[in-house]
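J.: Would you mind keeping the following structure in view while I ask a few things?
The values are calculated or read from the model by the stated rules, or taken from the named source; none is laboratory data. Computed from a predicted structure; not experimentally measured. Glycine gets a Cβ as well: all are built from the backbone with ideal geometry, and neighbour counts include every protein chain shown. Calculation scope for accessible area: heavy atoms of the full protein, side chains included, ligands and nucleic acids excluded. Shrake-Rupley method; radii C 1.70, N 1.55, O 1.52, S 1.80 Å.
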Amino acid sequence: MGRPREFDDTAAVHAAMEVFWRKGYEATTTQDLCESTGLGRGSLYNAFGSKRQLYEAALRRYSVIGPQGQLEILERPGSVKERLRALMVWCVDADMADPERRGCLAINAAMDASGRTSEIAELAHKQFVRLEQTICHMMAVGQSTGELSSQRSPLQAARFFQSSYYGLRVLGKVTEDRAALLDVIEGTLSAL
């Protein structure tokens, strides 16, 4: 009979998620993962199989905790535009306040060719679809109340908004110009 595990899988995956989020898949070394999780190399591989499998576990963890803040903002009381603006301002403020400018791990994973596999792409896609569905519902509500234009279908409007939102997440990694990011927000909302 083998020894029982002496570590918390969830805590180890969370620690690895933070490293992958900060450094990306390729730049993250096994030593980085050992240091962040507190596990030895053998324990790390016995528990998670490989760096790629740990990366997938980290993205699954992020898909649970990452969207929570977004969905909380979108579920607040208020007009549809107020909530959409709040979401976009939140991402600008969060990204600019992060000294490491990590952005969104799901977007990073989708753009990182070195770490992307079909499983990684699917994990990122599921997260994007979840947000799209929430925004699509909001667009339908806003259109039914007359707050938003009905020139586009709710799904098309949601996809337009989401592309601007994700663009902000990428721009937030490289710019110090908050006013330019706020212009993106206002331009996006005025087109709805």
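J.: Rounded, prolate or oblate, given the Cα gyration tensor of the stretch 145-192, with a/c below 1.5 counting as rounded?
T.: oblate
J.: In Å², and per residue, what accessible area does the stretch 1-151 have when probed at 1.4 Å with the other protein chains present?
T.: Computed with neighbouring chains in place, this is 52 Å² per residue.
J.: Pick from Gln31, Gln53, Gln127: which residue has the top mean-square fluctuation in a GNM of the chain where Cα pairs under 10 Å get a spring?
T.: Gln31
J.: Please give me the summed charge of the neighbours of Leu74: other residues whose Cβ is under 13 Å from its Cβ, Lys and Arg +1, Asp and Glu -1.
T.: So the surrounding residues net to +1.
J.: For the chain, modelled as a GNM with alpha-carbon contacts under 10 angstrom, which of Tyr166, Tyr62, Tyr45 fluctuates the most?
T.: Result: Tyr45 has the largest fluctuation of those listed.
J.: With just the Cα atoms of the chain, tell me how far they stretch along each of the three principal axes, in Å, largest first.
T.: 66, 36, 29
J.: Here's another thing I want to ask about it. When the helices in the chain are scored as -39500 (n - 2.57) per DSSP H run of 4 or longer and the sum is shared across all residues, what 222 nm value do you end up with, to the nearest 500 deg cm²/dmol?
T.: -23500 deg cm²/dmol
J.: Additional query: For the chain, with a Gaussian network of springs between Cα atoms less than 10 Å apart, report the residue from Ala158, Ala11, Ala110 with the top mean-square fluctuation.
T.: Among Ala158, Ala11, Ala110, the largest GNM mean-square fluctuation belongs to Ala11.
J.: Shape of the stretch 56-104 from its Cα gyration tensor (a ≥ b ≥ c, root eigenvalues): rounded if a/c is under 1.5, otherwise prolate when a/b > b/c, or oblate?
T.: oblate
J.: Another question, then. Suppose R0 equals 41 Å; then what is the FRET efficiency for Tyr45 and Leu71 from their Cβ-Cβ distance, rounded to the nearest 0.05?
T.: 0.75
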